[in-house]
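The values are calculated or read from the model by the stated rules, or taken from the named source; none is laboratory data. Predicted model only: the values in this text are computed from it and were never measured. Neighbour counts run over all protein chains shown; Cβ positions are idealised from the backbone, glycine included. Quick note on the areas: whole protein, heavy atoms, side chains included, nothing else; ligands and nucleic acids left out. Shrake-Rupley method; radii C 1.70, N 1.55, O 1.52, S 1.80 Å.
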Amino acid sequence: MHLSGSCFKCGIFFTFLAYLALGCLTPSTATAETAAFDLIGPKIDVRVQRGGQSLPIGMVPSLKAGDRLRIHPDLPDTQSVHYLMVVVFLRGATNPPPDSWFIRAETWTKPVNEEGILVTVPEEAEQSLILLAPETGGAFSTLRAAVRGKPGAFVRAAQDLDQASLDRARLEAYLAAVRETSIADPEQLKSRTTSLARSLNIKLDQQCFDKPSAQQVPCLTQNTDQLVLDDAHSQTMVTTLTSGASTDLLTQISSTPTAHSGYYSPYIGAVVDVVRILSTTHTAQYQYIPALGLAKSDELSLRLNNPPSFRNPKSVIVVGLPPIRPAVLPPLRAMDASQVFCGGKPGLVLPLEGAPLVFATELGHNYVLHIDTGSGKTMDIPAHPDPARAGFVLEAPKPDWSGWEGEATGILRGIWGFQPFDGPHFRMRASRPAEWVVATKDVNALIVGREDVLHLRAPDASCVSSVQVSNGEGRVLPVEWKLNSNEELELKVALENADPGVLQILVKKYGTLPPDRLVLHTYSEAAHLAAFSIHAGDTTGLLTGTRLDQVTGLEFKGITFDPGELSRAEHQDELKLIARNPADAAKFTPAEPLLIRVTLRDGRLLDLNATVEDSRPKLTLLTKSIQLADNDSPSTIQVGSPDELPQNARLNFFLKTQVPESFSPGEKIQISTPDGSFHADLSVKDGTLTLQDSKTIFAVLDPVKMLGPSAFGPLKFRPVTEQGLAGDWLPLVNLVRVPELKGIRCVPAPANDSEPEPSPSEPQCTLTGDKLFLIDAVSADPDFTKSVTVPDGFANPRLNIPQPKGKVLYLKLRDDPATVDSAVVPMLSAQP
């Protein structure tokens with residue numbers, strides 16, 4: 001025996017352990033732990049004949065009553081042990097097969113050694129097995145009695161062997177493709193391995209790609225038995241119609257945690273299942289060991305998980321053949337049924353999924369893409385599955401696309417064993433000259449000095465192979481393009497260094513057709529002026545439009561404005577313009593007409609008509625005071641600045657209107673944080689504004705009630721008229737959140753007994769309270785020479801602090817660390 005591939009050393013080790021374990025463990029326990037199947041067994045050549053057609057076993061997913069099987073054991077000429085081969089047909093777990101369903105062949109005889117045997121699948125048979133047993137007197141009758149005595153065990157063995165062999169075929173295809181890609185094209189390892197895993201339904205560890213390149217392949221191919229995932233198609237193919245009391249033991253075994261439903265992958269589950277089942281047929285003369293049959297063309301290459309024994313109990317190798325039942329066609333499906341494919345694209349890949357066995361085995365064959373053009377013309381293009389590309393690849397030679405107009409339907413056809421089948425349908429197109437249409441929104445989109453996006457539409461956009469863009473002088477410009485949809489291309493044209501003029505686009509398609517030619521124009525976009533607004537009494541105005549970055553100045557009635565901040569809102573530019581002489585700008589009256597002249601960077605002048613708008617409201621802050629809330633807190637924090645408002649306090653302030661002359665009862669005062677996250681309106685109607693007279697207003701702000709408990713930082717205010725006209729923002733106060741301080745407890749520091757005369761140490765003090773994370777730093781003196789900084793995320797209700805001088809602590813709040821506040825905190829007893 002020899003071990004295959006990279007498993008040579010590990011195979012010897014595990015096989016040796018398994019061999020030793022057979023002497024001290026029960027057969028089921030020993031074999032359950034050795035499911036590698038890395039021992040190479042003999043080969044058996046099998047061909048199946050049905051209705052005058054003969055296929056190799058690798059192309060046969062299922063057998064049918066009346067099929068004629070030519071079975072030839074491919075044993076070496078130096079084979080020293082005579083193997084008796086018995087072909088067995090079964091008919092369910094509760095119905096032992098008749099004697100005529102056991103066909104014996106002496107492999108050492110010349111006719112069998114050279115030609116093999118020919119057997120016919122009997123009517124009513126449901127499963128089939130090949131048994132290879134060392135010849136002893138009466139071996140045939142012993143094997144026949146074992147099968148007839150426990151037909152259910154062999155029925156389930158046939159099912160699980162077929163399932164495990166199909167799963168192993170997927171695993172072998174995956175490992176071979178990963179190793180081949182790592183050698184031939186290592187840069188494509190990630191993309192192709194991802195496609196392999198999807199096509200073959202293999203579990204992929206994405207973390208393997210984070211490792212150095214030399215470690216990726218070993219990572220992707222480790223724990224191979226755990227990589228195989230469930231495949232409903234293969235499970236349906238091997239499902240048997242057994243029932244009755246004889247299957248109870250089998251059901252119990254297959255549902256244990258160490259079989260299908262627990263610790264192992266489906267592949268290992270099938271392996272453990274069949275090993276345990278066959279162990280129930282163990283006798284003093286024979287033990288039955290499973291063999292996976294990996295079908296390749298005519299050959300069934302056997303893989304064993306335990307070395308055969310030629311001493312009692314001798315090993316009988318059990319090999320599964322395809323189930324006897326109607327073929328279960330592969331449930332192939334297109335990944336995107338709406339996608340349009342170009343028939344003329346070389347090496348076209350049709351993405352498919354849903355049937356891993358199509359990609360891992362030869363069960364399906366003679367694939368073609370059958371295309372009906374709708375005009376009475378059809379064509380069949382050969383295709384083959386490629387798991388590394390996650391689909392079917394169309395093969396050469398190139399078909400004749402002449403006479404094909406518009407969209408056609410392609411059907412993937414093939415033969416599954418002996419049965420033809422139709423797979424998914426695809427939308428197909430052929431390359432044809434086309435008139436490309438520019439999307440309406442992009443008609444004037446090609447502006448020099450920037451990268452522009454252009455959308456082109458044509459029915460056969462899926463056939464585009466390349467796009468070339470050049471200017472009027474023939475210089476090729478950089479372009480990125482992609483297929484946005486079945487009928488639309490998106491182009492990103494680099495016009496940063498281009499000049500206005502002609503732009504030629506050549507769209508090349510698959511095939512020998514000349515490229516489609518499209519001529520467009522590029523422009524140097526001037527600023528587009530939408531409107532200019534200025535309010536009576538203001539010294540700034542707002543210009544709206546596009547490309548306002550070109551504006552260098554604005555003038556009307558002899559007053560010059562310079563550009564300020566440029567921003568965008570509502571899909572257009574907004575440019576703030578500031579008067580050079582504020583006094584002159586403030587003289588304009590409402591409804592006064594203006595002729596605006598705008599100067600651009602290149603010297604061009606643009607004119608715009610405007611009208612002076614109504615004056616915006618203005619007011620001033622007269623006074624403000626802070627009213628602390630009444631509470632039962634044992635301590636009070638005294639803010640260190642009149643501009644600091646504790647969140648649990650109330651702000652009272654007086655305002656005086658300037659514009660208009662009197663304050664309207666419908667006017668509001670808006671309060672807001674800098675970014676507008678927290679805001680509120682004060683009004684006469686809700687009682688937060690009270691008129692002292694027509695010009696003076698008393699305002700009340702309750703921060704927690706009106707802004708919420710999370711608001712903090714600088715607050716600003718502005719007036720807003722009943723018509724919604726807002727004045728300028730003005731600073732109001734700095735809102736700070738304050739903690740609750742409950743007390744200070746100081747205890748003497750422990751004395752140092754090692755010193756002859758211990759020196760007095762400063763007591764250890766702890767501040768207790770709630771929401772201490774709102775403090776930035778604590779100190780015993782206002783200069784913060786001895787301070788403690790509170791770390792971010794501090795959730796403890798106790799904070800170690802320096803010993804205060806009396807009951808006064810000095811704080812810097814996190815919401816305003818520049819201001820020093822004080823707090824009178826009660827001293828607690830040393831013992832809690």
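Under the condition of being farther than 13 Å from A197 by Cα, open to solvent by less than 80 Å² (accessible area, probe 1.4 Å) and part of a helix (DSSP H, G or I), which residue from region 207-225 is modelled with the lowest pLDDT?
Once the filter is applied, the top-ranked residue is D225.
For region 542-566, give me each residue that is assigned to a strand (DSSP E or B), of a type in the set (A, V, I, L, M, F, W, C) and open to solvent by less than 50 Å² (accessible area, probe 1.4 Å).
Residues satisfying the conditions are L543, V551, L554, F556, I559, F561.
Search region 203-232 for residues that are over 20 Å from A355 (Cα atoms) and of a type in the set (K, R) and pair each with any residue that is open to solvent by less than 80 Å² (accessible area, probe 1.4 Å) and at pLDDT 70 or above when their beta-carbon atoms are under 6 Å apart and the residues are at least 6 apart or on different chains.
Taking only residues 6 or more apart or on different chains, the pairs are K211/C219.
Quickly run through region 123-144 and pick out the residues that are under 14 Å from L69 (Cα atoms) and either over 52 Å from the mean Cα position of the chain (by Cα) or of a type in the set (V, I, T) (or both).
I130
Please count how many residues of region 586-617 are part of a strand (DSSP E or B), of a type outside the set (A, V, I, L, M) and touching a Leu at 6+ places or on another chain (Cβ under 9 Å).
Residues in region 586-617 being part of a strand (DSSP E or B), of a type outside the set (A, V, I, L, M) and touching a Leu at 6+ places or on another chain (Cβ under 9 Å): 6 in total.
Can you pull out every residue in region 735-750 that is part of a strand (DSSP E or B) and either open to solvent by 30 Å² or more (accessible area, probe 1.4 Å) or touching a Pro at 6+ places or on another chain (Cβ under 7 Å) (or both)?
First, pick out the residues of region 735-750 that are part of a strand (DSSP E or B): 735-736, 740-747.
Passing the criteria: L735, V736, E740, K742, G743, I744, R745, C746, V747.
Out of everything in region 131-152 that is small (G, A, S), assigned to a helix (DSSP H, G or I) and open to solvent by less than 10 Å² (accessible area, probe 1.4 Å), what residue ends up being modelled with the highest pLDDT?
My answer is G152.
For the list (1) part of a loop (DSSP other than H, G, I, E, B); (2) surrounded by fewer than 19 Cβ atoms within 10 Å (Cβ to Cβ), I need the number of the one condition that A583 fails.
(1)
Do you know which residues across region 587-628 are loosely packed, with under 14 Cβ neighbours inside 10 Å, in contact (Cβ under 8 Å) with a residue 60 or more places away in the chain and within 55 Å of the chain's Cα centre (by Cα)?
If the condition is that a residue be loosely packed, with under 14 Cβ neighbours inside 10 Å, in contact (Cβ under 8 Å) with a residue 60 or more places away in the chain and within 55 Å of the chain's Cα centre (by Cα), then R604 is the only one that fits.
Of the residues that sit in region 52-102 and are closer than 30 Å to P420 by Cβ and among the charged types (D, E, K, R), which one is surrounded by the fewest Cβ atoms within 10 Å (Cβ to Cβ)?
R68
Conditions tested, residue by residue: (1) part of a strand (DSSP E or B); (2) in contact with a His (Cβ under 8 Å, 6 or more places away or on another chain); (3) free of Cβ contacts under 8 Å to residues at least 40 places away in the same chain; (4) aromatic (F, W, Y).
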| position | (1), (2), (3), (4) |
| --- | --- |
| F663 | no, no, no, yes |
| P674 | no, no, no, no |
| D686 | no, no, yes, no |
| P719 | yes, no, no, no |
| V733 | yes, no, no, no |
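Can you tell me which residues in region 340-389 are among the polar types (S, T, N, Q), open to solvent by 70 Å² or more (accessible area, probe 1.4 Å) and not in a strand (DSSP E or B)?
Residue satisfying the conditions is S375 alone.
If we scan region 105-114, do we find a residue that is within 22 Å of R303 (Cα to Cα), within 52 Å of the chain's Cα centre (by Cα) and not in a loop (DSSP other than H, G, I, E, B)?
Within region 105-114, not a single residue is within 22 Å of R303 (Cα to Cα), within 52 Å of the chain's Cα centre (by Cα) and not in a loop (DSSP other than H, G, I, E, B).
Being out of contact with any Asp or Glu (no Cβ under 9 Å at 6 or more places or on another chain), in a loop (DSSP other than H, G, I, E, B) and buried (at least 18 other Cβ atoms within 10 Å of the Cβ): is that true of A197 here?
Numbers: out of contact with any Asp or Glu (no Cβ under 9 Å at 6 or more places or on another chain): yes; in a loop (DSSP other than H, G, I, E, B): no; buried (at least 18 other Cβ atoms within 10 Å of the Cβ): yes.
Judged against the criteria, A197 is not a match.
Would you say L655 is open to solvent by less than 60 Å² (accessible area, probe 1.4 Å) and within 51 Å of the chain's Cα centre (by Cα)?
The answer is no for L655.
Return the residues of region 460-487 that are open to solvent by 70 Å² or more (accessible area, probe 1.4 Å) and part of a loop (DSSP other than H, G, I, E, B); say none if nothing qualifies. Before you say what the answer is, go through the steps one by one.
Of region 460-487, the ones open to solvent by 70 Å² or more (accessible area, probe 1.4 Å) are 468, 473, 475-476, 478, 480-483, 487.
Of everything in region 460-487, those that are open to solvent by 70 Å² or more (accessible area, probe 1.4 Å) and part of a loop (DSSP other than H, G, I, E, B) turn out to be E473, R475, P478, E487.
Quick grid of which residues meet (1) part of a strand (DSSP E or B); (2) without any contact (Cβ under 8 Å) to a residue 24 or more places away in the chain; (3) open to solvent by 50 Å² or more (accessible area, probe 1.4 Å); (4) farther than 11 Å from A777 by Cβ:
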residue: F794; (1), (2), (3), (4): no, yes, no, yes
residue: Q803; (1), (2), (3), (4): no, no, yes, yes
residue: K812; (1), (2), (3), (4): yes, no, yes, no
residue: A818; (1), (2), (3), (4): yes, yes, yes, yes
residue: A830; (1), (2), (3), (4): no, no, no, yes
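So is F678 of a type in the set (F, W, Y), within 30 Å of L809 (Cα to Cα) and crowded, with 17+ Cβ neighbours inside 10 Å or not?
Taking the combined requirement at face value, the residue does not satisfy it.
Going through region 514-541 one residue at a time, which ones are surrounded by fewer than 17 Cβ atoms within 10 Å (Cβ to Cβ), hydroxyl-bearing (S, T, Y) and over 20 Å from A583 (Cβ atoms)?
Y523, S524, S533
Could you check region 763-792 and list, in sequence order, the residues that are touching a residue at least 24 places away in the same chain (Cβ under 8 Å), in a strand (DSSP E or B) and open to solvent by 70 Å² or more (accessible area, probe 1.4 Å)?
If the condition is that a residue be touching a residue at least 24 places away in the same chain (Cβ under 8 Å), in a strand (DSSP E or B) and open to solvent by 70 Å² or more (accessible area, probe 1.4 Å), then Q764, D770 are the ones that fit.
Being modelled with pLDDT of 90 or more, open to solvent by 40 Å² or more (accessible area, probe 1.4 Å) and closer than 22 Å to V60 by Cα: is that true of E124 here?
For E124, the condition - modelled with pLDDT of 90 or more, open to solvent by 40 Å² or more (accessible area, probe 1.4 Å) and closer than 22 Å to V60 by Cα - is met.
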